[in-house]
Every structure is written in C-alpha cells, then in structure tokens.
There are 2 protein chains.
Amino acid sequence: MRIEELDTPIVIIDLDRMERNIQKMQAYCDQNGIRLRPHIKTHKIPAIAHKQLAAGAKGITCQKLGEAEVFARAGINDILITYPILGLLKLDRVAMLARQVRLTICADSATGVEFLAAAGKKAGVPIGVLVEFDHGNDRTGVRTPAEALKLARQVLSSPDLEFRGLMSYPCKPQLGEYLSEARALFRDAGIDIAEISVGGTSGPLHAHELDITELRAGAYVFYDLLNIKAGMCTLDEIAMRVRTTVVSQPTSDLAIIDAGTKTISSDQYGLSGYGHIVEYPEALIEWLTEEHGMVNFSRCSRRPEVGEVVTLLPNHTCIVTNLHDELVGVRGDEVEVIWPVDARGLVR
Amino acid sequence: MRIEELDTPIVIIDLDRMERNIQKMQAYCDQNGIRLRPHIKTHKIPAIAHKQLAAGAKGITCQKLGEAEVFARAGINDILITYPILGLLKLDRVAMLARQVRLTICADSATGVEFLAAAGKKAGVPIGVLVEFDHGNDRTGVRTPAEALKLARQVLSSPDLEFRGLMSYPCKPQLGEYLSEARALFRDAGIDIAEISVGGTSGPLHAHELDITELRAGAYVFYDLLNIKAGMCTLDEIAMRVRTTVVSQPTSDLAIIDAGTKTISSDQYGLSGYGHIVEYPEALIEWLTEEHGMVNFSRCSRRPEVGEVVTLLPNHTCIVTNLHDELVGVRGDEVEVIWPVDARGLVR
C-alpha cells in the first residue's frame, strides 16, 4: 500500500527518520554516560517504545497511570511516572502496577508521598520515589532544595517506599546551581541521591555539562516545529507529518485544508501559525477551527488546487498523537505498519 | 454510583441542564418557524442526538463523513454534512451512505460538485446539495451570490444531484443583505432556493429576523465559556463540566490541576485563561501543558489543598468531547449513564 492510497487527514511517521532520531539521542546519552529513559507521551505506542529499548534505553517514562498500565501490558518492566499520582481512586491501580514492574513515581508534596506509601503498603512491594523539584519551569515540583530534603526524609521514613533520587523538567542551565545546593544539603543529611533525572528533548543543550544520571526525552522520536525553534533539529529530521487535502479555495489567497484542531490541535506555544506546509513553505496557516485550517498563500509563487494533497509538519507532535487512533508508519512512500495509538487519551 | 466515585480528570454532563438546553433551543426554533438540525460535533453521541430529535429536531448535521456513518448506524436517517467532501478515496463511502439515509452535502467549488455527482451516480440515488456561501466568517464558502448561482446551475445540470438550497456559517446580521441579493439573482434565473440553512449556537441573535429555514446549532446542547462571551447563556446553563484534582501546590499562589491540553485542549479563541473553576471563580488558569493546568489563586480568598477535586467549565465544549472516550451523564450528583463518544476522532 502506498501513502497516496491513504485518505486524509492522516498522520504519517517516516520510519527512517524516526529510527535515525532514536539512534541519535541514544548516541548522545551513551557518549555522555547518561541513561536514556524515553517519555512515551510523544508516540503512545508500545512497538515504538520497544524500538527505543532495543537501541539502548533503560526503561520508559509515562505521564499517567493509564499509560503505564498499557506499556506494562506490552511487556515493559521498568516504568517511571513523572506525575504526582494521588487520590484514593488510584490506590489499587498503583498497587497492582507496583507488583508487575519496577515502578518509580514522583512526588512534590507530603500528600503525594503519603499516597505512594499507602499504595506501596497495599502492594506489599516498596514503590520507588523521585522527589520532583522545579528549577525555573514554574510548574510542579518543590521550589527549594530544603523542601526536597524534607520530602526525601518523609520517603525514607516509610518502609513501603524507596527513595531513588530527584527529578526535574526540563533541563535549564540554572539546574547546576540548584543541584550543587541540593547535593550539599543531602550530603550533610547523610542521604544518597542515586538518581538525578531531567526531562525534555532539549536535554542535549545542557545535560552533558551537568551532573545528571538520566534523561527523559520524548519528542525527539518524531521532532516538531517547537523543537526546531529550540534548535534541536532540522526540518528534514521531523518524522511526523500530516497529509491533508485542500478542500476549498474561496479566494485567490485563501485555501482551506482538512486539518483543524481535531487533527493538529490549537497548540502554538509562541510559534506563528499552526504548522509548516512542505510543498508551500511560504504559506501561513493563520487560524483553525475543528476541521478547517485557513491557509494564506499570498506569499507563495503558486496556488494549490482544490483536491490537492499537501504535507504538513505540526507545531507539537505529542498532542497530535493524542488526537488520533492510529499512526501510519511509512518507509519512503510505502506503508509499512499501521499502529493503533494504544495509550491515546488516557488522562487518568 | 455518585460523582465522587469517579476518578479525575473526567468530563461530566449535567443531564437536567442538557435537557433544558435542548428544549430551549427547540422552543426558539419552533416559535420562529425555523427547522432545527442540531450539529452533533458537540456531543458525538447518538443517544443525545436521539434526544434532540425526540424534542423536535429535523435530522442532524455532521462535519465529517465518518461522523455521519456512526449516526446512520445509530438509526438516524436525515443527515446533512456541512463540509466540502471530496477525493476519490471517499467516493464509495459517500455512495454507500446515500443509499442508507436522506443525505445532503455542501459544496463550494466545481471540484466539490463534480465529486458529489460522481458519488450520486455510483449510489444510483441523487445526493442533495447545499451550496455553501460565506457572509463574513472568512472560511469555506463562495464569496458572491453570482458564484453561488454558478454552482447551483452545475448541481442542477447533474441527474445525480438535487439542488436543495444554500447554507452558511454562522448567522451574522450582514446575512440579510447577501440573501436578498442571492434571492433576486436566483429568482431571475428561475431557480428555487428551498432551503436557507445557517449554523451556530449564536443563531438566536439574528436567525428570526432573517429569512432562513434551518438552524444548525451545536454547542447549545452543553454551552461553554465561548457561548457566555457571545451572550448566549449563563454559567448556570453550562451542562459540561470537568472534575479535576489539585495535584500540586508548589507556591502559595500556584496550584496545578490534572486537566491540561489532553483534557480541555488549548482552545482560547480570545478568552483569557483556559476555563472557569466553579469553587474558585477568581482563579485564573494561566497556561497548560498536556497533563498540567497551572492555576493562579492569588485573587482568591482561600487556597485549595492538594488532593482537592474542583469543577471546571471549559472554554470550548466541542473540542473537549473530542478528547475523551466517554462522557458521564449525571443527575444531580448521581451517575445516570456513561456514554462512549462513538464519533470521537473521526476526522475522515
């Protein structure tokens, strides 16, 4: 089957590019003595995680419990959940998962640690804990090394938990300062920090200069326009593309494609437009509704025809994956595999 | 089962509110002699469409062929697709659908009309066509009544098509001027415009003042913050809410909820923030990542605790529905039904 036989809009993965991306990030980590623990949120497909593991990755990262359950069922036995899991309704699920895989979960609050201890007790197996700190993302994570130490002590005081170290996201230059302060504080307290885990595909900008043990990169497997903006890849390395049809051309400058927010999401994060059209690089995707992409072709030397299929590179691949039930793996223009997105939509 | 027994994040539909919303829009249409053809994109659930039909709606509106197929299988036999359907890979599907239901599809290009004629020929049943025009949305639709007339003539020249009238979206005051010009032009050409169909939950602002026959409202079934901004509803009428847990509180003003772009999308369309928190109306959801909602509580008189469940009203309900496999119907605090979102993610 060839890609021209696939109806649009459809999300295609260039397998050659994806495999090169997997090798490249793995090589970076290997050269710098960093363990790579890919974040599966970008692909949500067990077969791709197995390719990452085969290339040398040590376990995987999930964001949600439901994702971890899917990958555990697919035979992956070392899983880190980098999200503060809590709430009595998740207790049994965490306990069951802890009995199946080497499980590590992060925490950034006393409530979170208490929950994990209760789950570990229920499981009868200690749950590994990374204390999450924030070094400039202004999201989850305790803000000071002193708070991290306090939580680490809480973890160490529970027989149902195992303190495995610290984690943060992403990996900014100011991480170094935070880490030296934390290391000194923990050393004085006699607590070993076995793991320093940081996240993000922009990891290679700084990770090798810092004293970290583990990188949780996700987007690198496909890359996207946000990664280009961050200086992490070129257009030719983006493995995810959306085939989309021009369905209307109401004026000479405006054409409408069948990729809207249901296909590529409204994520922008500071980018202008909603994607890059390979065949019309000067075109600007100005706005989206659910099924319509409004494209301004005024800066292009030619105009597409109604019915023409064009190729779009998305702003943010992770969220695109989450919108689709299947991703189609292609080798050149031949379809090699159609993967169900097994962990799609698992927000709980 | 009570709502407290549902894990978060989860999307809840208040059935009392939804039923009142269905009655209210139906009453408006009945009073004004307008046929209501609800757009199912907001709920994507056949059981809800059947409630709308039972209340008096005449058929449904879908945006994509895949949605229409789902609702046809659920026994709905009058379907309008308000999207320019084209491309050889959709030909057989359109033909099969045309043999099952009274099918109408819009077109705004010669290519679109040619495609529908080919599908009608294949079906052996004429396909109904509405010519789409634009009266100020700057999306799909021919721009002038003369272009609409040209397409209507193309439709009329095909034995495999049936010209059913004109459609547009949404329903702005300037529609009146467009329509009088179009009516005069079509009258001179001896062509009857049986149907004038307009879309949008903001229809009641103008539809009764204009000479239209059909309203395709969608969002009114649940309403959302965009509808409040448009003056179409109050907070108390919003039937969709997202139960979400505070999972982290790293600073005194910042707390993180477990609703991010995978749960409520990044749709803003000019609104500030990403939703309204019922229990903390002064809180501002400042930014989102896939699983994190960053909420500024600095203007609130109290702070939530980690583990606390709060209730969020989303910016845009249609896109929220599309992210979830199930919507939970509740009556007060009791769960009455769990609906699979049967037409979720059907972009083709």
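Tabulated data for the structure shown
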item: Shape category assigned to segment A:1-158 from the gyration tensor of Cα positions, a/c cut at 1.5; result: prolate
item: GluC sites (Glu not before Pro) within segment B:278-348, DSSP loop, no more than 13 other Cβ atoms inside 10 Å; result: B:Glu279, B:Glu282, B:Glu305
item: Relative compactness, the protein assembly as shown, computed as alpha-carbon Rg over 2.2 N^0.38 Å; result: 1.00
item: Tail fraction, Cα-Cα pairs, chain A, threshold 40 Å, whole percent; result: 18
item: Dipole in debye (nearest 20) - the protein assembly as shown, about Cα centre, beta carbon charges: Lys, Arg +1; Asp, Glu -1; result: 720
item: Inter-copy separations for B:Pro159, label at 7 Å along Cα-Cβ, nm, ascending; result: 8.7
item: Distance violations [Cα-Cα > 30 Å] among A:Lys51/A:Lys172; A:Lys122/A:Lys262; A:Lys121/A:Lys172; result: A:Lys122/A:Lys262; A:Lys121/A:Lys172
item: Shape category assigned to segment B:303-348 from the gyration tensor of Cα positions, a/c cut at 1.5; result: oblate
item: ³J(HN,Hα), Karplus 6.51/-1.76/1.60, whole Hz, each residue of segment A:191-203, x for Gly, Pro; result: 10, 7, 9, 5, 10, 10, 10, 10, x, x, 6, 7, x
item: Using θ = phi - 60° and Karplus 6.51 cos²θ - 1.76 cosθ + 1.60, couplings along segment A:244-258 (whole Hz; Gly, Pro as x); result: 9, 9, 6, 9, 7, 9, x, 9, 5, 9, 9, 10, 10, 9, 8
item: Long-range HN-HN contacts of B:Trp287 with modeled amide H, under 5 Å; result: B:Met294
item: Surface accessible to a 1.4 Å probe, per residue, for the residues of the protein assembly as shown, Å²; result: 35
item: Rounded to 5, the percent of DSSP beta bridges in the protein assembly as shown classed as antiparallel; result: 45
item: Cβ-vector label at 7 Å, A:Ser298, separations to other copies in nm; result: 3.8
item: Inter-centroid distance (Cα atoms) of segment B:85-105 relative to segment A:329-346, Å; result: 26
item: For A:Arg2, inter-copy label distances in nm, listed shortest first [label point 7 Å out on the Cα-Cβ vector]; result: 6.3
item: Accessible surface of the protein assembly as shown [probe 1.4 Å, protein heavy atoms]: carbon and sulfur percent; result: 49
item: Long-range amide H partners of B:Asn32 with built H, under 5 Å; result: none
item: Cα extents of segment A:216-309 along the three principal axes, largest first (Å); result: 45, 27, 22
item: Shape category assigned to segment A:63-140 from the gyration tensor of Cα positions, a/c cut at 1.5; result: oblate
item: Alpha carbon centroid spacing (whole Å) that separates segment A:1-32 from segment A:213-255; result: 12
item: Cα centre as origin, Lys/Arg/Asp/Glu Cβ charges: segment A:86-163 dipole, Debye; result: 260
item: Neighbourhood net charge (13 Å Cβ-Cβ; Lys/Arg +1, Asp/Glu -1) for B:Glu334; result: -4
item: Residue-wise HN-Hα coupling along segment B:208-224, computed from phi with Karplus coefficients 6.51, -1.76, 1.60 (Hz; x: Gly, Pro); result: 5, 8, 10, 8, 10, 10, 9, 10, 10, 8, x, 4, 4, 4, 10, 6, 6
item: 222 nm mean residue ellipticity, helices alone, for chain A (DSSP H n ≥ 4; -39,500 (n - 2.57); rounded to 500); result: -8500 deg cm²/dmol
item: Net charge, B:Thr234 excluded, C-beta distance under 15 Å - Lys, Arg +1, Asp, Glu -1; result: 0
item: Sum of side-chain charges, A:Lys122 neighbourhood, beta-carbon under 15 Å (Lys, Arg +1; Asp, Glu -1); result: +1
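The values are calculated or read from the model by the stated rules, or taken from the named source; none is laboratory data. Predicted model, so just to flag it, every value in this text is computed and none were measured. Positions of Cβ are generated from backbone atoms using ideal geometry, with glycine treated the same way; all protein chains shown enter the neighbour counts. Accessible surface is based on the protein model in full, side chains and every heavy atom, while ligands, DNA and RNA are left aside. Shrake-Rupley method; radii C 1.70, N 1.55, O 1.52, S 1.80 Å.
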